[in-house]
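Visitor: I have a structure I would like to understand better, so I am pasting it below and will then ask my questions one at a time.
The values are calculated or read from the model by the stated rules, or taken from the named source; none is laboratory data. Just so we're clear, the structure is a prediction, and the values are computed from it rather than from any experiment. Ideal geometry is used to build each Cβ from the backbone, glycine not excepted, and the neighbour counts take in all protein chains shown. Side chains included, ligands, DNA and RNA excluded: accessible areas come from the protein's heavy atoms. Shrake-Rupley method; radii C 1.70, N 1.55, O 1.52, S 1.80 Å.
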Amino acid sequence: MNLIEVKNLRKDYGETEGVPALNGVSFNISAGELVAIMGPSGSGKSTLLHILGFLDKASSGQYFFDGKSIEDYSEDELAKIRNSKIGFVFQAFNLLARNSVYENVKLPLLYSSVPEGEWDGRIRSSIEAVGLGHRIGHDPAQLSGGEKQRAAIARALVTEPDVIFADEPTGNLDSKNGEAVMKILTNLNMSLKHTIILVTHEESIAKFAGRLIYVKDGKIESDKKI
Amino acid sequence: MRTKFLFSTSLRGLGAHKSRSFLTILGIVIGITAIILVMSIGQGAQNLILSQIQGMGSKTIVVAPGRQPSGPSDFAQIFSDSLKKRDIDLLSLKENVPYAKHIIPVVFGGENSSYGDETYRMTVFGSDERVFDIFELFPEAGVLFSESEVKGHQPVVVIGSTVKDELFGDSEAVGERIRIKGKNFRIIGVLPKKGQVSFFNFDTMAVIPYTVAQEDIFGIKYYHRFLIEADQESHIDAAVDDIKIVLRNSHNITDPDKDDFFVETQADLASRIGTITDILTLLLVSIAAISLVVGGIGIMNIMLVAVTERTKEIGLRKSIGATNRDILRQFLLEAIVLTSVGGLVGIFLGALFSFIISVVLTKTLGLSWSYSFPVFAAVLGIAVSGIIGLVFGIYPARKASRKNPIEALRYE
Ligand SMILES: Nc1ncnc2c1ncn2[C@@H]1O[C@H](COP(=O)(O)OP(=O)(O)O)[C@@H](O)[C@H]1O
Ligand SMILES: [Mg+2]
């Protein structure tokens with residue numbers, strides 16, 4: 001069954017007259033895929049990812065997550081899904097300053113129903129999975145860009161979500177660090193069977209994916225397996 | 001989010017800006033300090049006054065002419081002449097007021113006295129020999145007058161310490177004669193300095209037999225007060241009821257609303273004074289409360305700043321699963337923690353200052369001022385400061401909770 005199914009998604013921000021950010025987008029994604037979304041700047045990639053990640057709502061069209069239309073969820077249920085079923089990785093890392101890597105990774109658990117006894121184990125294994133064990137007590141200010149993004153990935157992993165969304169996760173990193181982050185994401189996809197949907201505009205990053213969706217002017221221009 | 005983590009999250013938020021948090025709560029600290037101070041001093045003053053009232057003996061019932069005064073400046077009863085000799089005779093009958101031990105008449109008024117070239121305006125207090133027992137008065141020099149001098153209309157006087165100082169200075173007073181309203185009185189005794197006792201200050205009084213006071217000083221046939229002593233404290237209420245019945249019969253009064261006398265016990269006096277000090281305390285507390293409002297506005301202001309500064313954090317928390325309610329509670333709790341800490345500090349400072357004041361009053365003015373920590377005010381202080389956090393924190397917290405996660409994350 002499809003994990004994600006969207007039909008004819010449209011998004012109007014209202015301000016930009018006549019030009020919708022998304023203009024009729026439809027596709028399916030199954031569990032376990034690693035999908036890269038590419039396209040020029042302003043083409044609607046982030047908008048699409050935000051809608052898929054329950055951070056925003058489409059103006060029209062349908063979105064089924066795990067077979068259920070998101071129209072059926074209440075505001076609080078959406079928050080719960082954001083917490084338990086998805087993990088989000090941002091270009092700007094968005095780690096809390098003055099909180100250690102451990103504390104940052106713990107954050108989603110504070111809002112979860114995961115029993116407290118499991119927290120420590122989950123936090124530590126998430127941090128190990130991104131290779132940051134030696135930085136566990138450090139503040140974000142003491143980390144390099146690549147390490148920050150790995151901490152952010154650990155935070156996305158800690159609730160063991162069904163799908164991880166990453167919006168230009170390597171956009172703020174040099175190519176060496178970007179490659180390391182991508183290795184971690186592909187590894188999560190291959191060995192741990194995490195579904196990963198990432199936005200990028202670098203061909204070198206897109207080659208890690210098993211499927212490439214190309215977006216332009218709010219529409220899907222191509223969608224192919226590689 | 002679980003309450004436990006809500007607390008640590010909020011404390012962390014505050015800890016990031018320690019000096020700013022401290023300055024913000026100053027308004028609350030000052031307001032709560034002022035309230036504790038006022039309430040503690042009000043309580044101390046009330047205790048002081050009550051302890052002085054008790055100097056009259058807790059079994060004493062006061063009967064005054066006229067109607068019940070409606071307030072502290074209502075003197076209507078002074079001009080009434082309803083308490084007569086006949087009333088004393090009726091009240092004295094055992095079958096009428098079985099629990100009355102003594103019925104003591106009192107007349108009083110301000111008069112000039114002179115000795116040689118010295119003059120002094122004092123209060124002439126006419127009563128009988130038993131009044132000295134009721135007020136526990138003993139002579140410092142000489143003796144007190146006795147029943148035979150009261151019955152025999154003897155012009156003798158026992159003077160208070162201030163009267164003695166004003167007229168005689170350091171020289172001997174006992175045995176000398178002073179003039180009051182053209183009549184010579186022989187001083188037979190001097191009272192020690194005693195200060196205010198109940199409503200009377202015997203230091204500025206000349207106590208003479210009431211028979212002489214009625215006839216030669218005031219020229220009246222009625223009385224200003226009856227002091228009635230009950231045999232036991234538990235009989236006071238019954239005695240008061242009997243006294244009212246006797247006096248109504250004697251004065252032909254059928255409607256209690258038309259009483260031309262009123263009866264007051266120590267308990268009544270205490271509660272009247274309690275009411276006055278309570279009103280004063282309340283007034284001062286309301287003034288102090290203004291600074292709490294100012295403090296609350298300061299809290300609201302700083303919380304609005306915090307919400308704006310932490311827009312990105314709010315966006316992140318929402319994107320990883322915080323509900324609107326989680327965010328609301330986090331910022332509301334921060335405001336409440338801020339104001340409650342202010343309240344605790346204020347309670348500590350208020351208690352400290354009022355303790356210092358009580359020590360100063362005792363040491364310098366010689367008042368028997370007893371310090372008591374106002375537990376009620378402390379509880380009130382905590383509650384009020386918490387409520388201020390709630391009231392002034394709710395608007396910033398709502399603002400935080402309603403932020404759209406995407407826009408919040410994009411905030412720079
Ligand atoms: N919050 C917003 N309000 C108004 N317009 C927006 C907003 N976010 C994005 N847009 C517009 O929508 C279009 C798509 O933006 P976006 O999804 O961020 O593109 P991409 O991520 O592909 O660069 C752009 O024209 C952008 O200006
Ligand atoms: Mg983008």
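Visitor: Which residue, of B:Ile178, B:Ile236, is under 30 Å from B:Asp89 (Cα atoms), in contact (Cβ under 8 Å) with a residue 60 or more places away in the chain and of a type in the set (Val, Ile, Thr)?
Guide: Unique residue meeting the criteria: B:Ile236.
Visitor: Would you confirm whether or not the stretch A:37-51 contains a residue that is within 13 Å of ligand 1 (Cβ to nearest atom), β-branched (Val, Ile, Thr), within 14 Å of another protein chain (Cβ to nearest Cβ) and open to solvent by less than 70 Å² (accessible area, probe 1.4 Å)? First the steps, then the outcome.
Guide: Filtering the stretch A:37-51 for residues within 13 Å of ligand 1 (Cβ to nearest atom) gives A:37-51.
Remaining after also requiring β-branched (Val, Ile, Thr): A:37, A:47, A:51.
Pick out the ones that are also within 14 Å of another protein chain (Cβ to nearest Cβ) and you get A:47, A:51.
From what is left, the residues that are open to solvent by less than 70 Å² (accessible area, probe 1.4 Å) are A:47, A:51.
Checking the stretch A:37-51: at least one residue is within 13 Å of ligand 1 (Cβ to nearest atom), β-branched (Val, Ile, Thr), within 14 Å of another protein chain (Cβ to nearest Cβ) and open to solvent by less than 70 Å² (accessible area, probe 1.4 Å).
Visitor: Shifting gears a bit: Going by what's in this entry, would A:Phe27 be described as open to solvent by less than 20 Å² (accessible area, probe 1.4 Å), within 14 Å of ligand 2 (Cβ to nearest atom) and either more than 9 Å from chain B (Cβ to nearest Cβ) or not aliphatic (A, V, I, L, M) (or both)? Before you say what the answer is, go through the steps one by one.
Guide: Working: open to solvent by less than 20 Å² (accessible area, probe 1.4 Å): yes; within 14 Å of ligand 2 (Cβ to nearest atom): no; either more than 9 Å from chain B (Cβ to nearest Cβ) or not aliphatic (A, V, I, L, M) (or both): yes.
Here the answer is no, as A:Phe27 does not meet what is asked.
Visitor: Hey, can you tell me all the residues within the stretch A:172-183 that are over 10 Å from A:Gly146 (Cβ atoms) and surrounded by fewer than 21 Cβ atoms within 10 Å (Cβ to Cβ)?
Guide: Of the stretch A:172-183, the ones over 10 Å from A:Gly146 (Cβ atoms) are A:175, A:182-183.
Answer for the stretch A:172-183, where residues must be over 10 Å from A:Gly146 (Cβ atoms) and surrounded by fewer than 21 Cβ atoms within 10 Å (Cβ to Cβ): A:Ser175, A:Lys183.
Visitor: With the requirement that a residue be surrounded by 15 or more Cβ atoms within 10 Å (Cβ to Cβ) and without any contact (Cβ under 8 Å) to a residue 40 or more places away in the chain, what does the stretch B:133-175 give you?
Guide: B:Ser146, B:Lys164, B:Asp165, B:Ala173, B:Val174
Visitor: Right, here's the next one. Does the stretch B:307-324 hold any residues that are within 14 Å of another protein chain (Cβ to nearest Cβ) and in a helix (DSSP H, G or I), and which are they? Quick ask: steps written out before the conclusion?
Guide: Pass one, the stretch B:307-324, residues within 14 Å of another protein chain (Cβ to nearest Cβ): B:309-324.
Those that are within 14 Å of another protein chain (Cβ to nearest Cβ) and in a helix (DSSP H, G or I): B:Glu309, B:Thr311, B:Lys312, B:Glu313, B:Ile314, B:Gly315, B:Leu316, B:Arg317, B:Lys318, B:Ser319, B:Asn324.
Visitor: Shifting gears a bit: Any chance you could count how many residues in the stretch A:94-112 are in a loop (DSSP other than H, G, I, E, B) and within 10 Å of chain B (Cβ to nearest Cβ)?
Guide: Just the residues of the stretch A:94-112 that are in a loop (DSSP other than H, G, I, E, B), to begin with: A:94-100, A:111-112.
Checking which are within 10 Å of chain B (Cβ to nearest Cβ) leaves us with A:94-99, A:111-112.
Of the residues in that region, 8 qualify.
Visitor: I would also like to ask the following. What number of residues in the stretch B:177-187 are surrounded by 18 or more Cβ atoms within 10 Å (Cβ to Cβ) and of a type outside the set (Phe, Trp, Tyr)?
Guide: Of all residues in the stretch B:177-187, those surrounded by 18 or more Cβ atoms within 10 Å (Cβ to Cβ) come to B:178, B:180, B:185, B:187.
Filter once more, keeping what is of a type outside the set (Phe, Trp, Tyr): B:178, B:180, B:187.
Adding up the residues that qualify gives 3.
Visitor: Continuing with the same structure: For the stretch B:1-45, what are the residues that are more than 16 Å from B:Glu309 (Cβ to Cβ), out of contact with any helix residue (DSSP H, G or I) (no Cβ under 6 Å at 6 or more places or on another chain) and outside any helix (DSSP H, G or I)?
Guide: Once the filter is applied, which keeps residues that are more than 16 Å from B:Glu309 (Cβ to Cβ), out of contact with any helix residue (DSSP H, G or I) (no Cβ under 6 Å at 6 or more places or on another chain) and outside any helix (DSSP H, G or I), the stretch B:1-45 yields only B:Arg2.
Visitor: Any idea which residue in the stretch A:52-64 is nearest to ligand 2 (Cβ to nearest atom), counting only those that are more than 10 Å from chain B (Cβ to nearest Cβ) and surrounded by 21 or more Cβ atoms within 10 Å (Cβ to Cβ)? If you could, list the steps in order and put the result at the bottom.
Guide: Step one: of the stretch A:52-64, the residues more than 10 Å from chain B (Cβ to nearest Cβ) are A:52, A:57-64.
When the remaining residues are screened for being surrounded by 21 or more Cβ atoms within 10 Å (Cβ to Cβ), the result is A:52, A:58.
Details: A:Leu52: 13, A:Ala58: 17 Å.
Only one residue fits best here, namely A:Leu52.
Visitor: Hey, another quick one. Could you run through the stretch A:188-211 and say how many residues are open to solvent by 20 Å² or more (accessible area, probe 1.4 Å) and under 20 Å from A:Gly42 (Cβ atoms)?
Guide: Final tally of qualifying residues: 3.
Visitor: Please verify whether A:Pro140 is in contact (Cβ under 8 Å) with a residue 24 or more places away in the chain, under 19 Å from the mean Cα position of the chain (by Cα), open to solvent by less than 50 Å² (accessible area, probe 1.4 Å) and within 14 Å of chain B (Cβ to nearest Cβ), treating the condition exactly as stated. Walk me through it before giving the result.
Guide: Numbers: in contact (Cβ under 8 Å) with a residue 24 or more places away in the chain: yes; under 19 Å from the mean Cα position of the chain (by Cα): no; open to solvent by less than 50 Å² (accessible area, probe 1.4 Å): yes; within 14 Å of chain B (Cβ to nearest Cβ): yes.
Here the answer is no, as A:Pro140 does not meet what is asked.
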